[in-house]
1. Applying the Karplus parametrisation 6.51 cos²θ - 1.76 cosθ + 1.60 with θ = phi - 60° to the phi angles of the range A:220-229, what ³J(HN,Hα) value in whole Hz is obtained for each residue in order, glycine and proline being reported as x?
2. What does the copy distance list look like for A:S33, label position 7 Å along Cα→Cβ, in nm and ordered from shortest?
3. Please go through the residue pairs A:K144/B:K142; A:K118/A:K173; A:K217/B:K142; A:K144/B:K217; B:K118/B:K173 and name each one whose alpha carbons sit more than 22 Å apart in this structure.
4. Report the label-to-label distance for A:R168 and A:A123 in nanometres (one decimal), using points 7 Å from each Cα along the Cα→Cβ vector.
5. What is the sum of charges, Lys and Arg at +1 and Asp and Glu at -1, for the other residues whose Cβ falls under 12 Å from the Cβ of A:T238?
6. Order by neighbour count: B:Y17, A:Y23, fewest other Cβ atoms within 10 Å first, most last.
7. So what is log10(I(q)/I(0)) for the range A:165-259 at q = 0.17 1/Å, when the Debye sum runs over its Cα atoms only?
8. What percentage of all Cα-Cα pairs in chain B are separated by more than 33 Å?
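Computed from the coordinates by the stated procedures, all read-outs in this text should not be read as laboratory data. Not measured: the values here are computed from a predicted model. A quick note on method: Cβ atoms are made from the backbone with ideal geometry, for glycine too, and the neighbour counts reach across all protein chains shown.
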Number of protein chains: 2
Amino acid sequence: MIARAFLGEGGRAVFPYPTYSLYLTVCEIQGASIETCDYQRDFRLPERLSSARGDVMFLCNPNSPSGSFIPPGEVENLARGFDGLVVVDEAYVEFADADGLDLARRLDNVVVIRSFSKSHSLAGLRIGLLFGPERIVAGLRKVKDSYNLDRLTLAAGEAAVRDVEWVRANAAKIRATRSRLISRLRAMGLETLDSSANFVLARLPGDLARKACGFLKSRNIFVRYFDARLLDDALRITVGTDSETDAMLGALEEFLEGVGGRG
Amino acid sequence: MIARAFLGEGGRAVFPYPTYSLYLTVCEIQGASIETCDYQRDFRLPERLSSARGDVMFLCNPNSPSGSFIPPGEVENLARGFDGLVVVDEAYVEFADADGLDLARRLDNVVVIRSFSKSHSLAGLRIGLLFGPERIVAGLRKVKDSYNLDRLTLAAGEAAVRDVEWVRANAAKIRATRSRLISRLRAMGLETLDSSANFVLARLPGDLARKACGFLKSRNIFVRYFDARLLDDALRITVGTDSETDAMLGALEEFLEGVGGRG
């Protein structure tokens with residue numbers, strides 16, 4: 001199988017929906033045509049994705065804003081049945097139980113991209129990594145800007161990559177708080193997905209999600225409400241510190257009691 | 001006049017030759033068609049450039065590798081007669097006696113780009129600036145990466161932009177050494193262009209330029225030889241510290257005496 005990857009005019013991108021919104025923006029800027037397949041409510045892999053054709057497939061895994069994770073075996077099946085390049089975006093993977101690096105090693109049409117902005121807490125540095133088959137990396141080198149990242153970022157990134165222990169400890173702390181957050185949300189009667197990321201997606205009855213977002217904002221607590229199809233009954237809540245998480249849970253509980261929306 | 005700027009397939013770029021080689025590379029990557037107009041030996045503006053048609057014109061001013069400078073009045077005439085966008089690349093402008101900022105202010109089809117890599121001595125930071133009409137800047141914002149430069153670079157760039165005195169003193173020092181360098185090269189009989197940049201272009205007889213470059217390299221002195229049309233009898237010599245410049249001049253003199261090439 002030869003991976004193609006062309007996203008200019010006439011190129012075709014495929015990805016599930018809802019997912020990280022920048023894929024759509026970037027494809028539109030490039031003039032690519034786009035096919036999306038809706039995730040089911042539980043964010044299992046959409047069956048239609050297995051038969052989709054295209055030049056590039058984007059798979060955010062763990063997915064944003066759902067926090068859901070597709071096991072590497074399923075990603076492999078997907079990639080083996082896809083004619084183009086599968087870009088597995090592992091920005092949040094340190095918060096999951098598995099990863100796709102082995103796929104990038106074994107398959108000739110899978111690349112894995114990672115970020116230092118999440119588990120490494122270096123969002124301000126704008127640095128990332130790509131792992132993939134030598135042939136694809138060589139192709140990317142041909143068109144990448146001939147100027148590299150700046151030297152300060154390279155020095156910080158190199159130090160961060162070596163500091164595996166800090167990243168593991170940081171991820172473990174966030175996962176512990178995440179468990180507690182999910183339990184509390186479910187105890188409040190809110191349908192909350194399991195999460196493999198540093199945020200959780202909780203659904204609220206009726207139109208309460210939008211209202212809850214506004215209420216929390218009035219308390220200087222910022223969660224994400226998406227005015228978008230399949231998401232407009234949900235909040236994406238980032239796992240903060242323990243005290244931030246408690247403050248958010250307290251305010252959300254107060255909101256739900258106020259509207260009688262507690263399940 | 002409405003400035004167009006489209007460098008994808010079917011777009012057309014125009015620039016003089018020889019100039020900064022990345023314009024060609026970037027246009028080729030974008031699939032743009034390219035028209036170049038040869039500079040004359042003294043690097044005055046090529047007359048044919050005034051009647052060239054295209055979407056974007058690149059004008060490196062001061063030009064690399066010649067160090068030559070086109071006065072703002074001539075750039076204005078060129079821009080007024082050009083249907084597309086004129087990108088004036090002022091990477092080296094702190095070493096010149098004038099600049100094109102006023103053109104970017106007054107004309108609707110001129111943008112000026114600058115770098116912190118030369119006169120600010122921040123090459124490792126990869127930071128630059130663009131000045132231009134609001135409408136063009138708004139258009140660029142639409143397609144620029146939604147992630148900004150990293151925070152370390154922004155902080156350093158902001159500090160550098162305020163430190164006007166340091167930049168002026170640095171440029172003055174380089175200009176003084178440049179004068180001395182040009183005088184010495186001419187005294188050695190080498191045809192040397194006036195320079196408005198932090199390097200000078202000196203021509204050597206016959207095929208001596210390439211050989212001189214190799215000789216200097218063997219002494220750990222690195223000057224630039226371009227194996228390219230209109231440049232293969234010349235060396236681009238960066239203005240170093242006074243002692244670096246003296247070391248280069250001493251070695252070049254030794255080379256010329258050795259080959260009997262002294263004019």
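1. Running phi through 6.51 cos²θ - 1.76 cosθ + 1.60 with θ = phi - 60° gives 6, 10, 10, 10, 9, 10, 10, 7, 9, 3 Hz.
2. Listed shortest first, these distances are 2.7 nm.
3. Details: A:K144/B:K142 20 Å; A:K118/A:K173 13 Å; A:K217/B:K142 28 Å; A:K144/B:K217 30 Å; B:K118/B:K173 13 Å.
Too far apart for the 22 Å limit: A:K217/B:K142; A:K144/B:K217.
4. 2.6
5. Details: positive: A:K118, A:R178, A:R224, A:R236; negative: A:E244.
Local net charge: +3.
6. On the way: B:Y17 18, A:Y23 23.
Ordered by Cβ neighbours within 10 Å, fewest first: B:Y17, A:Y23.
7. Normalising to I(0) and taking log10 leaves -0.69.
8. Numbers: 8686 of 34453 pairs.
For chain B, the share of Cα pairs beyond 33 Å comes to 25 percent.
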